[in-house]
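Novice: Here it is: the structure, laid out below.
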Amino acid sequence: MSPIKNIQLSLGKFKLKSEKKKLKRKVKAFNLEKASTVGVIYNATNRNDYELAKKFVQYLKEERKDVLALGYINSKNSDDVVKPHLNYQFFDNNNISKIKVPTGLDATNFITSNFSILIDLNTEDCFPIEYITTLSRAKFKVGAAGNYRNEECDLTIDISQNNNLDYLIIQIKHYLKMIQTG
């Protein structure tokens, strides 16, 4: 990474740290049955990951959940990759500030939504997704173990034996059905 990009990312991380201090969030565990609203954030740059996320969102809808999915496309023009439609929103590099902070209305609305569960389907380092997951007001955050998710998610799933999105989704379904709530 170039020195300028490193500085931009450092400034973005500094902003995230200061915004996180202001975040007031009451953590409450939810299982799939009890959750009414679910936010799904994922990296949609890879077409295969986008298709897997889409199938997962469809599964959640079949479980009668109100779902909002937000995909990040690491490109200047997301229309080249996907077309936005109902319940699927996207943001790309046009919606990111110089310090790599998501600035678009879709990202802002996603962060301020009071989801029962936020599911972070990101398996790599991706600061714009980290920013949104960290500042999300969701009551219960779920994601793969590693990187920022260890600190920001209330439930992390170890996928080191099989580090792919398909496996993560299977594990998320499994564990979100197992959780016992009062």
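The values are calculated or read from the model by the stated rules, or taken from the named source; none is laboratory data. Just so we're clear, the structure is a prediction, and the values are computed from it rather than from any experiment. Virtual Cβ from ideal backbone geometry, glycine too; neighbours counted across all protein chains shown. Only protein heavy atoms, including side chains, enter the accessible area calculation; ligands, DNA and RNA are left aside. Shrake-Rupley method; radii C 1.70, N 1.55, O 1.52, S 1.80 Å.
Let's see how each residue does on (1) of a type in the set (A, V, I, L, M, F, W, C); (2) at pLDDT 90 or above; (3) on the phi < 0 side of the Ramachandran plot; (4) surrounded by 16 or more Cβ atoms within 10 Å (Cβ to Cβ):
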{"position": "Val67", "(1), (2), (3), (4)": "yes, yes, yes, yes"}
{"position": "Asp80", "(1), (2), (3), (4)": "no, no, yes, no"}
{"position": "His85", "(1), (2), (3), (4)": "no, no, yes, no"}
{"position": "Pro102", "(1), (2), (3), (4)": "no, yes, yes, yes"}
{"position": "Leu105", "(1), (2), (3), (4)": "yes, yes, yes, no"}
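Novice: Find all pairs meeting these conditions: Cβ atoms under 8 angstrom apart; at least six residues apart or on different chains; first residue within segment 44-70 and closer than 19 Å to Cys126 by Cα and β-branched (Val, Ile, Thr); second residue assigned to a helix (DSSP H, G or I) and at pLDDT below 95.
Specialist: Once the first residue is closer than 19 Å to Cys126 by Cα and β-branched (Val, Ile, Thr) and sits in segment 44-70, no partner that is assigned to a helix (DSSP H, G or I) and at pLDDT below 95 comes close enough.
Novice: Out of Ser136, Ser113, Ser75, report the one residue that is surrounded by fewer than 19 Cβ atoms within 10 Å (Cβ to Cβ), of a type outside the set (A, V, I, L, M, F, W, C), touching a residue at least 24 places away in the same chain (Cβ under 8 Å) and within 21 Å of Lys15 (Cα to Cα).
Specialist: That would be Ser113, the only listed residue that is surrounded by fewer than 19 Cβ atoms within 10 Å (Cβ to Cβ), of a type outside the set (A, V, I, L, M, F, W, C), touching a residue at least 24 places away in the same chain (Cβ under 8 Å) and within 21 Å of Lys15 (Cα to Cα).
Novice: State the number of residues belonging to segment 4-41 that are open to solvent by less than 100 Å² (accessible area, probe 1.4 Å) and either without any contact (Cβ under 8 Å) to a residue 12 or more places away in the chain or hydroxyl-bearing (Ser, Thr, Tyr) (or both).
Specialist: Final tally of qualifying residues: 6.
Novice: If you scan segment 20-37, which residues turn out to be within 18 Å of the chain's Cα centre (by Cα) and over 30 Å from Leu60 (Cα atoms)?
Specialist: Matches in segment 20-37: none.
Novice: With the structure loaded, tell me whether Arg47 is within 20 Å of Ile73 (Cβ to Cβ), basic (Lys, Arg) and surrounded by fewer than 20 Cβ atoms within 10 Å (Cβ to Cβ) or whether it fails that test.
Specialist: So Arg47 passes the test.
Novice: Here is a follow-up. For segment 156-173, which residues satisfy the criterion of being touching a residue at least 40 places away in the same chain (Cβ under 8 Å) and not charged (D, E, K, R)?
Specialist: Passing the criteria: Asn163, Asn164, Leu165, Leu168, Ile169, Ile172.
Novice: Let me ask you something else. Hey, any hits in segment 53-60 for a residue that's among the small types (Gly, Ala, Ser) and either open to solvent by 10 Å² or more (accessible area, probe 1.4 Å) or more than 21 Å from Glu130 (Cβ to Cβ) (or both)?
Specialist: Within segment 53-60 (the criterion being among the small types (Gly, Ala, Ser) and either open to solvent by 10 Å² or more (accessible area, probe 1.4 Å) or more than 21 Å from Glu130 (Cβ to Cβ) (or both)), the answer is no, since none of the residues qualifies.
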